[in-house]
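Q: Starting off with a structure, shown below.
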Amino acid sequence: MVPELSGARRLIALRLTGREFFRLALVALAYWLAAKLSLNLALVHGQVTPIWPPTGIAVVAILLVGRRAAAAVALAAFAVNLPIGPSLLGAAVIAVGNTLAPLLSAALLRRVDFHHQMDRLVDAITITLAALSGMAVSATVGSLVLLLSGVVLGDGFWGTWAVWWVGDAMGVLLVAPFLLSLLPRPALPRLTWPRVAELGGLLAGTAIVTYLLFQSGLRLEYLVLPLIMVTAWRFRQRGAAPAALIASAVAVWSAVQGTGPFAAETLFEKMVTLQAFNVSLALASFVLVAFVETRERREELARLYAAEQLANQAKSAFLSLAAHELRTPISVLNGYLSMLADGSLGDDPAAWRRSLEILTAKTRELKTMVDQLLEASRLDIAASRPPQAQIDLRDAVRQAVERARARADLLDAEIATGLSAEPVPVRADAIQLGRVLDNLINNGLTYTVRPPRLSIAVSTEDTQGIVRVADNGVGIPETEQGLIFERFHRVNDPNFSNVPGTGLGLYISRQVAERHKGRIVIEHSEPGAGTVFALSLPLAQPDSRVAADPSPSPLREPHLSWR
Ligand code: ADP
């Protein structure tokens, strides 16, 4: 069994190696063929060309296959340089330079997490920088080899360096985006025949217009830009990359022929004209592509956001409807249970008593959940309006503690309060604020494995009234602290798996706090030691109506979430 398995593994490994070898051979062949073709356009000593597509092929190969593609590039570069290079050693050194340069460009592109579809401004800028900086390496190594071997004389060094550099850089800037534009992009719609015809027409138009402009000596070659921009706008990278490549290929061809603007130019002037034209084309079209893609992405995000909002509203409406419908049967259940409990329906058999107690407790839990569902969906749907009443935060806390007293006694819990001596006036909806405080206090009583000890402080800080609720509970792990304010989120703690709850309490609390232009946060939490929640609300300006009446306005009893 074991030898068979290792045999199968060896076969798979062999196949993988075979496939990898084939891929690298393909890279080497593409590099070599492109080099042979473009050497026909050489401007210096049959060796330096105004555009050197192999560099683009090398960068794309390293981006797609990884750094191991460098071996194929090195081999192909050596094969290209051997017959034309000054010596065996010279060809080898030039090949090393030709390999290091695309490695450097690819490393720079990787640093910015280069998008192959070039849909961000940073992609357009980085490919330009990567082309110009990386290729300085191959130009320097190559020109030095030519100088040292006497092929180029001292005063010809910088001319050769410049031609070599821009040639290699143009290979990256124009050929790499073109090759990348050919990669399948599942997100893009398939090109229909009419669209293919339109793209073909625009590319042919670009070639013809560029040709005509470079035939005339009027120096109007940049007039082709609008056509390229239209192609980029209509077809993004799939249009921009080939259009820029075609236009610059025609320009290179005109430079080699010496037509139009190139007629009376020296080699150096030709290179400047050509490369200024090429860089402008590439940058302008790629920046336009990035702009259009970014705008489209933003629109798509806005569309998704609107759809998400609609879905959320529908969900809230459904929850609200379901909770509403559940309320009636629950109140009927509640009514009959209390009639049974208080003996209105006759004496209950002793055997029923325990079951009745459980039923009553569970019905209360059910009511709590339904009320929370209803409240959460109401907060989601209803538009917020500024709270009108001014209340003293200390009173709100006193009342909440009063409401929690019965449960605290049952649990043998202590609730200490430390209230500021001065009033802490805030504008708030007393019922909603009561709900938030009830929830914080009840959570402190619930999520603990020791007799609960709570301390609640009310203070004023700058323009804020603050309530701090500190407990000696189990604490909240750091990874959960951002999540527990989300709808339905509960910490997965086996100690509390039987504690009923909806995971809506803190969500509702945060919504309420935000509607009051306040905040609710976990100020401190330590697993095993406890948690401090802080609720802050903006202090209200003194209000004469309320100040005149120190007794708090009668509050409707806020709902208590008993566990
Ligand atoms: P519920 O109590 O219904 O689950 P909440 O939104 O009030 O909903 O709380 C969400 C979760 O946050 C709780 O399930 C619990 O895991 C955790 N939690 C809330 N308050 C505390 C606290 N004081 N100490 C420890 N955990 C807490």
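Q: Within the range 448-460, restricting attention to residues that are more than 8 Å from the ligand (Cβ to nearest atom), open to solvent by 10 Å² or more (accessible area, probe 1.4 Å) and not aliphatic (A, V, I, L, M), which residue is farthest from the chain's Cα centre (by Cα)? Before the answer, list the steps.
A: In the first step, residues of the range 448-460 are kept if they are more than 8 Å from the ligand (Cβ to nearest atom); the result is 449-460.
The next check asks that each one be open to solvent by 10 Å² or more (accessible area, probe 1.4 Å); those that pass are 449-451, 453, 455, 457, 459-460.
Add one more test, that the residue is not aliphatic (A, V, I, L, M), and what stays is 450-451, 453, 455, 459-460.
Working: Arg450: 43, Pro451: 45, Arg453: 43, Ser455: 41, Ser459: 40, Thr460: 39 Å.
For the range 448-460, the residue satisfying everything is Pro451.
Q: Would you mention how many residues in the range 320-358 are assigned to a helix (DSSP H, G or I), surrounded by fewer than 10 Cβ atoms within 10 Å (Cβ to Cβ) and small (Gly, Ala, Ser)?
A: Here the count works out to 2.
Q: Could I ask something else about it? Could you pull out the residue among Leu445, Leu440 that is farther than 19 Å from Arg519 by Cβ, within 16 Å of the ligand (Cβ to nearest atom) and not small (Gly, Ala, Ser)?
A: Details: Leu440 fails: farther than 19 Å from Arg519 by Cβ.
One residue alone meets the criteria, Leu445.
Q: Could you tell me which residue of the range 277-319 is modelled with the highest pLDDT, considering only residues that are buried (at least 19 other Cβ atoms within 10 Å of the Cβ) and among the hydroxyl-bearing types (Ser, Thr, Tyr)?
A: Ser285
Q: Which residues, taken from the range 153-165, are among the aliphatic types (A, V, I, L, M) and surrounded by fewer than 20 Cβ atoms within 10 Å (Cβ to Cβ)? Spell out the reasoning first.
A: Restricting attention to the range 153-165, the residues satisfying the condition of being among the aliphatic types (A, V, I, L, M) are 153, 162-163.
Leu153, Ala162, listed by residue number.
Q: Name every residue in the range 164-223 that is outside any helix (DSSP H, G or I), in contact (Cβ under 8 Å) with a residue 40 or more places away in the chain and not hydrophobic (A, V, I, L, M, F, W, C), in order of residue number.
A: Once the filter is applied, which keeps residues that are outside any helix (DSSP H, G or I), in contact (Cβ under 8 Å) with a residue 40 or more places away in the chain and not hydrophobic (A, V, I, L, M, F, W, C), the range 164-223 yields Arg185, Ser216, Gly217, Arg219.
Q: Can you tell me which condition Asp471 does not meet? The list is (1) near the ligand (Cβ under 9 Å from one of its atoms); (2) of a type in the set (D, E, K, R); (3) open to solvent by 70 Å² or more (accessible area, probe 1.4 Å); (4) modelled with pLDDT of 95 or more, and all the others hold.
A: The failed condition is (3).
Q: Shifting gears a bit: If you scan the range 474-499, which residues turn out to be of a type in the set (Val, Ile, Thr) and either more than 12 Å from the ligand (Cβ to nearest atom) or touching a Lys or Arg at 6+ places or on another chain (Cβ under 7 Å) (or both)? Break it down stepwise before answering.
A: Restricting attention to the range 474-499, the residues satisfying the condition of being of a type in the set (Val, Ile, Thr) are 474, 476, 479, 484, 491, 499.
Thr479, Val499, listed by residue number.
Q: Return only the number of the condition from (1) at pLDDT below 90; (2) at negative phi that Gly134 does not satisfy.
A: With respect to (1) at pLDDT below 90; (2) at negative phi, Gly134 is out only on (1).
Q: Here are some conditions: (1) in contact (Cβ under 8 Å) with a residue 40 or more places away in the chain; (2) of a type outside the set (Phe, Trp, Tyr); (3) open to solvent by less than 20 Å² (accessible area, probe 1.4 Å); (4) within 16 Å of Val93 (Cα to Cα). Gly150 meets all but one. Which one does it not meet?
A: So Gly150 meets the others, but not (3).
Q: Could you list, ordered by first residue, the pairs with Cβ atoms under 7 Å in which the first is in the range 110-122 and under 15 Å from Leu179 (Cβ atoms) and the second is open to solvent by 50 Å² or more (accessible area, probe 1.4 Å) and among the hydrophobic types (A, V, I, L, M, F, W, C), at least 6 apart or interchain?
A: Cβ pairs passing all conditions: His116/Leu183.
The values are calculated or read from the model by the stated rules, or taken from the named source; none is laboratory data. What you see is a predicted model, and the numbers here were worked out from it, not measured in a lab. Every residue, glycine among them, receives a Cβ derived from its backbone with ideal geometry; neighbour counts consider all protein chains shown. When the accessible area is computed, the model is the full protein with side chains, heavy atoms only, and any ligands, DNA or RNA have been set aside. Shrake-Rupley method; radii C 1.70, N 1.55, O 1.52, S 1.80 Å.
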